[in-house]
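*Asks:* Have a look at this one before I ask anything.
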Amino acid sequence: MKIYLSPSMQRANLYAAGGTTEMHQCSRIAESAERALLRNGFEVLRAPMGQSAEDNVAQSNNWGADFHIPIHTNAGGGRGCVLFISSLDGVKYDFARSIFREIDAVTLYPSVYGVRARSFYETVSTRAPCLYVECEFHDSCELAEWIIDNTSTLGEAICRGICIAAGREYIAEESMERWKNIEDVPEGYRAVARRFIDSGALKGKSDGSLDITEDMLRVMEILRRYFEEE
């Protein structure tokens, strides 16, 4: 399943706290959602920060996404999440309700908004069903600070909602063993890890730890083989 993530490009929408904007925080949420979705076996394409909605729609349509997911935060004095779709029917409604429930479960206050039908540009212009996510309101200090501190929580909630609707068991980040040193890597993967370290492709974190998982090594090895065959 191919998921296109379209984070807000609204750089002029200022947060009530943190000296930041909707564009920057929604890009952080999208990055977290991307990591979670990849971990759970989805194909993901994430729009670069600040790219226009028109370019995002074109990229999503050309890629052949199965779902197109704009990620925004809201304003107007409310609180809680809301999901917008083109009409309240079909598979998009099932996925939208699932994502809404998972976000609503982690935000500070229960939402009164739910899933609503709207004819926004992205909800009516994508070939794939569009699930337009407004994660939370950013125009109060309390909620703006919460969003800033919980972009990973929101990204994981989006992924969890998709997994549930797709009938997949959600794989949480902490359930995947992470290897910090080459000595921690199981023998069967150690030669693969060493190959990428020696080539300079795998440099680890700034503290010197590798911080890798089995899935990361598998993907790197698959890509290496693919490009060598090309």
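The values are calculated or read from the model by the stated rules, or taken from the named source; none is laboratory data. Every value quoted in this text rests on a predicted model; they were computed, and no experiment measured them. Positions of Cβ are backbone-derived with ideal geometry, glycine not excepted, and every protein chain shown enters the neighbour counts. Each accessible area value is taken on the protein alone, full model and side chains, heavy atoms only, with ligands, DNA and RNA left out. Shrake-Rupley method; radii C 1.70, N 1.55, O 1.52, S 1.80 Å.
*Asks:* Test Cys135 against the criterion of being open to solvent by less than 10 Å² (accessible area, probe 1.4 Å), more than 26 Å from Ala17 (Cα to Cα) and of a type in the set (A, V, I, L, M, F, W, C), and give yes or no. It would help to see each step written out before you state the result.
*Replies:* Details: open to solvent by less than 10 Å² (accessible area, probe 1.4 Å): yes; more than 26 Å from Ala17 (Cα to Cα): no; of a type in the set (A, V, I, L, M, F, W, C): yes.
Considered against the rule, which asks whether it is open to solvent by less than 10 Å² (accessible area, probe 1.4 Å), more than 26 Å from Ala17 (Cα to Cα) and of a type in the set (A, V, I, L, M, F, W, C), Cys135 comes out as no.
*Asks:* Mind telling me which of the residues Leu108, Leu143 ends up being of a type in the set (A, V, I, L, M) and buried (at least 22 other Cβ atoms within 10 Å of the Cβ)?
*Replies:* One residue alone meets the criteria, Leu143.
*Asks:* Which of (1) more than 28 Å from Ala172 (Cβ to Cβ); (2) among the charged types (D, E, K, R); (3) touching a helix residue (DSSP H, G or I) at 6+ places or on another chain (Cβ under 9 Å) does Asp55 not meet, given it meets every other one?
*Replies:* (3)
*Asks:* Also: Can you pull out every residue in the stretch 209-230 that is out of contact with any helix residue (DSSP H, G or I) (no Cβ under 9 Å at 6 or more places or on another chain), closer than 14 Å to Arg178 by Cα and open to solvent by 70 Å² or more (accessible area, probe 1.4 Å)?
*Replies:* Correct list: Met216 only.
*Asks:* Pairs under 9 Å by beta carbon, first residue under 21 Å from Gly161 (Cα atoms) and touching a residue at least 60 places away in the same chain (Cβ under 8 Å) in the stretch 120-134, partner in a loop (DSSP other than H, G, I, E, B) and of a type in the set (Asp, Glu), six or more apart or different chains?
*Replies:* Ala128/Asp66; Pro129/Asp66
*Asks:* Here is a follow-up. What number of residues in the stretch 153-172 are among the small types (Gly, Ala, Ser), in contact with a Lys or Arg (Cβ under 9 Å, 6 or more places away or on another chain) and either free of Cβ contacts under 8 Å to residues at least 40 places away in the same chain or open to solvent by 70 Å² or more (accessible area, probe 1.4 Å) (or both)?
*Replies:* Qualifying residue count, the stretch 153-172: 1.
*Asks:* With the requirement that a residue be of a type in the set (Lys, Arg), crowded, with 18+ Cβ neighbours inside 10 Å and either free of Cβ contacts under 8 Å to residues at least 40 places away in the same chain or over 19 Å from Gly167 (Cβ atoms) (or both), what does the stretch 35-57 give you? Talk me through it step by step, then tell me what you get.
*Replies:* Residues of the stretch 35-57 of a type in the set (Lys, Arg): 35, 39, 46.
Filter again for crowded, with 18+ Cβ neighbours inside 10 Å, leaving 39, 46.
Within the stretch 35-57, Arg46 is the sole residue that qualifies.
*Asks:* Right, here's the next one. Looking at the stretch 173-185 only, could you name the residues that are at pLDDT below 85 and either touching a Ser or Thr at 6+ places or on another chain (Cβ under 9 Å) or surrounded by 11 or more Cβ atoms within 10 Å (Cβ to Cβ) (or both)?
*Replies:* Glu173, Met176, Glu177, Arg178
*Asks:* State which residue is surrounded by the most Cβ atoms within 10 Å (Cβ to Cβ) when the search covers only the stretch 58-98 and only residues that are of a type in the set (Ser, Thr, Tyr), touching a helix residue (DSSP H, G or I) at 6+ places or on another chain (Cβ under 6 Å) and over 10 Å from Tyr132 (Cα atoms).
*Replies:* Filtering first and then ranking leaves Thr73.
*Asks:* Restricting attention to the stretch 192-208, does a residue exist that is open to solvent by 20 Å² or more (accessible area, probe 1.4 Å), of a type outside the set (S, T, N, Q) and under 18 Å from the mean Cα position of the chain (by Cα)?
*Replies:* no
*Asks:* Can I ask one more? Report yes if Asn150 is surrounded by 14 or more Cβ atoms within 10 Å (Cβ to Cβ), farther than 25 Å from Asn61 by Cβ and among the polar types (S, T, N, Q), otherwise no.
*Replies:* yes
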